[in-house]
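Below is one structure, written out as structure tokens; the observations come after it.
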Amino acid sequence: MFYMIEFDQKPGIKGKQVAEAYQRFATHFAKLLPQFKLVGLFSRDLYLGHRPQYLALWEFSAYADLDAWEKLWTTDEEGRRLAQELSELAQDWDAKVMAKLI
């Protein structure tokens, strides 16, 4: 299973800022929730189509893993701080859980 997060950077924000902030966020959560594996943070090179600018893809094995993420989120102040840092750099967030078919 995959957790896919799409977003755009805010005006005036550099891609390097987004990548560095997402790396801090991903490193933090990978330590606390090793069942989630960051496949990658992807950025569009060519601006074909409308959006998103970025796509983060996480792999996990069971829906129960999402419950563990939600439970951690309620108590993890550092994780929320890192998420806030990202929200100051990015906008138009969208997330989906997807299963691999082929």
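The values are calculated or read from the model by the stated rules, or taken from the named source; none is laboratory data. Please read all numbers here as calculations on a predicted model, not as lab measurements. Methodologically, a virtual Cβ is constructed for each residue, glycine included, from the backbone with ideal geometry; neighbour enumeration extends over all protein chains shown. In case anyone asks, the SASA skips ligands and DNA or RNA and just uses the protein heavy atoms, side chains included. Shrake-Rupley method; radii C 1.70, N 1.55, O 1.52, S 1.80 Å.
Some notes on this structure:
- Computed [θ] at 222 nm, deg cm²/dmol, the chain (DSSP H ≥ 4; -39,500 (n - 2.57); rounded to nearest 500): -13500 deg cm²/dmol
- Each Lys or Arg adds one and each Asp or Glu takes one away; over the other residues whose Cβ falls under 12 Å from the Cβ of residue 27, this sums to 0.
- Surface share of carbon and sulfur [accessible, 1.4 angstrom probe, percent] for the range 1-94: 56 percent
- Spatial separation of Cα centroids for the range 34-102 and the range 1-29, in angstrom: 8 Å
- Rolling a 1.4 angstrom probe over the protein heavy atoms with all chains in place gives the chain an accessible area of 65 Å² per residue.
- Largest-first ordering by accessible area, 1.4 Å probe, given options 73, 58, 93: 93, 73, 58
- Table column - 3J(HN,Hα) (Hz), the range 35-44, Karplus curve with 6.51, -1.76, 1.60, x for Gly and Pro: 6, 9, 10, 6, 6, x, 10, 10, 10, 5
- Sequentially through the range 88-101, phi angles give Karplus couplings (6.51, -1.76, 1.60; θ = phi - 60°) of 6, 9, 10, 8, 6, 6, 8, 9, 9, 9, 9, 10, 6, 9 Hz, Gly and Pro residues having no value and appearing as x.
- Sequence-distant residues sharing a close amide H with residue 10 (under 5 Å, placed H): 90, 91
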